[in-house]
Amino acid sequence: MSNFLPSLVFKLSGWKTAGKAPALKKYIVVGAPHTSNWDFVFGLSAWNLYGMKPRYLIKKEFYVFPLNILFWLTGGVKVDRSKSNSLTESIVQMFAGRDEFVVIFPPEGTRKKVERWKTGFYYVALHAKVPIVLGAMDYKKKTTDLSEPFYPTGDIEKDFLVFKEFYRNVTPCNPEGFSVEGIRPKE
């Protein structure tokens, strides 16, 4: 996709990018807060402007014609959340089998408020030995931002405190759908 359309979307809506994509070939991007379908529109524009070509996870129920064409073209990976599968292990293998691979995880797993984040992204990063880049869309400031790469230490509770601090002052599209206190690992 050319940068023209994403640039136009951002310019017309008053959005700007902050931070920069790391000069790395493999990493995970955490996409949060995720409270609206608009996150996809602005996120897709931002990825393009950052020069990223990430893959992202999308539940299979959305992966239907004609939307499946858009998702395929923009990096969507269909996920069946109804089955107990080894998605984490599969994504670790994707990292091992590619020279370049960037994947975006929405750790909330839904646009609704959650009590705890899902931890798949964390364990993929840990086992694939790749860093995590925190990505945020702040609707109040109309900015997207990316953190510096963070390598998980294996101390999930301690590492999640870093994530919580990054998102502390971010305003999502629907503030009632997000709580910084929900940034803690699922038990």
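Observations
- Of all the listed residues (78, 83), the sole one being loosely packed, with under 14 Cβ neighbours inside 10 Å and either within 24 Å of residue 119 (Cα to Cα) or at pLDDT below 90 (or both) is 83.
- Residue 53 surrounded by 13 or more Cβ atoms within 10 Å (Cβ to Cβ) and either farther than 21 Å from residue 4 by Cβ or of a type in the set (Asp, Glu) (or both): no
- If you go through the stretch 1-18 and keep only what is assigned to a loop (DSSP other than H, G, I, E, B) and at pLDDT below 90, you end up with 1, 2, 3.
- Matching residues in the stretch 33-50 - criterion: being without any contact (Cβ under 8 Å) to a residue 40 or more places away in the chain and either surrounded by fewer than 18 Cβ atoms within 10 Å (Cβ to Cβ) or charged (D, E, K, R) (or both): 41
- Residue pairs meeting the criteria (Cβ under 7 Å; at least 6 apart or on separate chains; first at pLDDT 95 or above and outside any loop (DSSP other than H, G, I, E, B), in the stretch 163-187; second surrounded by fewer than 17 Cβ atoms within 10 Å (Cβ to Cβ) and not polar (S, T, N, Q)): 164/180; 167/180
- Verdict on residue 142 being on the phi > 0 side of the Ramachandran plot, out of contact with any strand residue (DSSP E or B) (no Cβ under 8 Å at 6 or more places or on another chain) and basic (Lys, Arg): no
- Inter-residue pairs, beta-carbon under 8 Å, first touching a residue at least 12 places away in the same chain (Cβ under 8 Å) and under 16 Å from residue 51 (Cβ atoms) and in the stretch 1-30, second assigned to a strand (DSSP E or B) and among the charged types (D, E, K, R), 6+ apart: 10/16; 17/145; 18/145; 19/145
- Cβ pairs under 9 Å, 6+ apart, first in the stretch 84-112 and within 15 Å of residue 131 (Cβ to Cβ), second among the basic types (Lys, Arg) and assigned to a loop (DSSP other than H, G, I, E, B): 95/129; 100/25; 100/53; 101/25; 102/25; 102/53; 105/118
- In the stretch 138-162, the residue that is nearest to residue 9 (Cα to Cα) out of those that are of a type in the set (Phe, Trp, Tyr) and outside any helix (DSSP H, G or I) is 139.
- Residue in the stretch 56-69 that is closer than 17 Å to residue 146 by Cβ and either under 12 Å from the mean Cα position of the chain (by Cα) or touching a residue at least 60 places away in the same chain (Cβ under 8 Å) (or both) present: yes
- Evaluating residue 46 against the criteria (1) at pLDDT 90 or above; (2) over 16 Å from the mean Cα position of the chain (by Cα) leaves one unmet condition, (2).
The values are calculated or read from the model by the stated rules, or taken from the named source; none is laboratory data. All values reported here derive from a predicted model rather than from experimental measurement. Cβ coordinates were reconstructed from backbone atoms using ideal geometry, including for glycine residues, and neighbour counts include every protein chain displayed.
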